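Bear in mind these aren't lab numbers, they're just calculated from the coordinates by the rules spelled out. For clarity, every value in this text was computed on a predicted model and none was experimentally measured. Here the Cβ is made from the backbone with ideal geometry for all residues, glycine too, and neighbour counts use every protein chain on show.
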Amino acid sequence: MAKPNFQYEKRQKELEKKRKKEEKLKRKAEKGNDAADDAADGTDQDADQDSDAETPPSEAPPPL
């Protein structure tokens, strides 16, 4: 009877953990960017509307 290759099994588990961790970080980064973009978009739109009414377009600051 062949003996099990524990090093192979351990390596496969490590690779799976690494893959899951990277996916989780990617999801967190996307979620963080989406939330930041939504908040920034809402803030920028309000600021743009107010600044357009007060200052001429030539003096408006460049968008972020």
Contour minus Cα-Cα span, Q12 to K26, at 0.36 nm per residue, comes to 2.9 nm
Surrounding charge for R27, neighbours by C-beta under 12 angstrom, Lys/Arg +1, Asp/Glu -1, total +2
A36 and M1 label points (each 7 Å along its Cα→Cβ direction) are spaced in nm at 5.5
